[in-house]
Every structure is written in C-alpha cells, then in structure tokens.
Amino acid sequence: MTPAITTLLAALLALGCGTTSSPQDTPARAAPAPDRTGLPPDSTTPSPPLAAEDAAGSPAPAPDAPPRPPAPPAILSPETLSWGTVGLAPSGSQPAWVAGFVRLDALRPLPGLRLERIRILDAGGDVVAQTVAEHEIRVASPRNLPGDLSAYGTDPLQGDIPAGAHLRLRLYGRLDRSFDDLCPRLCNPTHGERFEAVLRTAAGDELRVEGPLSAPWPTA
C-alpha cells in the first residue's frame, strides 16, 4: 500500500469517527398537557355572546315601556250629596233615598251617560248602603237654588254629552235600607262617611267620583 493511499484511508476514518450526539444526549421536550375541552385539535373555545346580544349576534331589544293608562273621558268633581226619605216626618220602614250634585267636565263625547250606582261608605271603605233602583241623572239649570237637592230647577239628561261640555248633574237613587235602619248611624254623620258614585257611558267608559256625605235632607 502506497503512502498516499494510507493517508487517504486515515482521513476517511477520521471523518467517520467524528463526535455524534446520541439520543441520551438530546434534551427531551415536555409532553403537551392533556386536552380536557373535548374539542378537536387546533380548535379554539368560542367566547359566549355579550349580554346585549342574542344568540345570532344581533343587539337584544330594549324592554318595552309599560303602556300609559288611557286618559279619562271626563272629570267628575263632587259638590254635595245627602240622603233622606220622602216626607217631612219620616217614620217606620220608609225607603231612604240619596241625592246630590256633581260637576262634569267632558274631555271627549259621552254617549248615553247613565248612573250605575251610588254607595255610602264608612271611613274604612265598607259599604253602609247602596242604591238599588230608580237611578236618575238630571242637569241643573239656573233655576236650581243653592242648597236645594230636589229636582226643582233641573232637567232630564237627554242625548249625548259633547266634548268640552261643563255640566252640573243631579244624581238620585233609592237605597237598599230604610230610613230607620240608617238614621242611628247617618243622621249625624261624624265618622268619616262618604259617598261613591259610578256613572257609565254607552261605550263602556266608567266615571267615578267620591265626596263627603252630608246630613239628611228633609224631603225628596
């Protein structure tokens, strides 16, 4: 073997026996954390929709404001109301009546206005007596005298009441209790007794008015 070949072999052996890294010398990579989301690999967890958005991503509608109650068709103001019986010297079980005046300001037309009932209430709101028959509404005229609760100077209510009308109405009806039953309690009403009158139109609108109860009047 020539010296040149010997030199070449020595060089090849030197290259083949160079320093190499073994698997033990390579640092091991950390194992990935176990997946507990249940999602496929390379997927991301979607964020929940904002409170102001619905499931489709559209803005959630604002809550509806509560509806306003309808305006009353008229305003009723109490004037005076009393009770009594027919005759100047009531006795026995004569029926008792109730009558008085209220003022009405019509905000819109009132078709077929009628008196539905009048109730006498105590201070706690319990019913002492109420009308059961002969309900009547009359319109006061200038002939009606101050303090006179009779039908004198009044006219029957006829037809519909137009919007903008200002009327003084006389309400009248027969109570469900006799004069003798009511007198011990109502002949001197000092315990906060009051009246409540309910009127209703042909369209179904209800008008309600309350006021203090006066002492008995001598005649109807």
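Of these, Arg138, Arg174, which one is touching a residue at least 12 places away in the same chain (Cβ under 8 Å) and in contact with a His (Cβ under 9 Å, 6 or more places away or on another chain)?
Arg174
Conditions first: (1) exposed (fewer than 14 other Cβ atoms within 10 Å of the Cβ); (2) at pLDDT below 90; (3) on the phi < 0 side of the Ramachandran plot. Ala202 passes all but one, so which condition is the exception?
Exception for Ala202: condition (2).
Determine whether segment 157-166 contains at least one residue that is more than 21 Å from Ser82 (Cα to Cα), surrounded by 12 or more Cβ atoms within 10 Å (Cβ to Cβ) and of a type in the set (S, T, N, Q).
Among the residues of segment 157-166, not one is more than 21 Å from Ser82 (Cα to Cα), surrounded by 12 or more Cβ atoms within 10 Å (Cβ to Cβ) and of a type in the set (S, T, N, Q), which makes the answer no.
So, Arg177, is that one basic (Lys, Arg) and surrounded by 15 or more Cβ atoms within 10 Å (Cβ to Cβ) or not?
Criteria met by Arg177.
Residues Val102, Val98, Val127: which one is touching a strand residue (DSSP E or B) at 6+ places or on another chain (Cβ under 6 Å) and free of Cβ contacts under 8 Å to residues at least 60 places away in the same chain?
Val127
Which one of the conditions (1) assigned to a strand (DSSP E or B); (2) closer than 30 Å to Pro111 by Cβ does Ala163 fail to meet, given that it meets all the rest?
The number of the failed condition is (1).
In contact with a helix residue (DSSP H, G or I) (Cβ under 8 Å, 6 or more places away or on another chain) and either of a type in the set (Phe, Trp, Tyr) or at pLDDT below 95 (or both) - does that describe any residue in segment 157-167?
Checking segment 157-167: not a single residue is in contact with a helix residue (DSSP H, G or I) (Cβ under 8 Å, 6 or more places away or on another chain) and either of a type in the set (Phe, Trp, Tyr) or at pLDDT below 95 (or both).
Among the numbered criteria (1) at pLDDT below 95; (2) under 14 Å from Glu196 (Cα atoms), which one does Ser178 miss?
Answer for Ser178: the failing condition is (2).
Provide a single number: the residues in segment 80-133 that are at pLDDT below 90, surrounded by fewer than 16 Cβ atoms within 10 Å (Cβ to Cβ) and not small (Gly, Ala, Ser).
3
The values are calculated or read from the model by the stated rules, or taken from the named source; none is laboratory data. For clarity, every value in this text was computed on a predicted model and none was experimentally measured. FYI the Cβ positions are ideal-geometry reconstructions off the backbone, even for glycines, and counts take in every protein chain you see.
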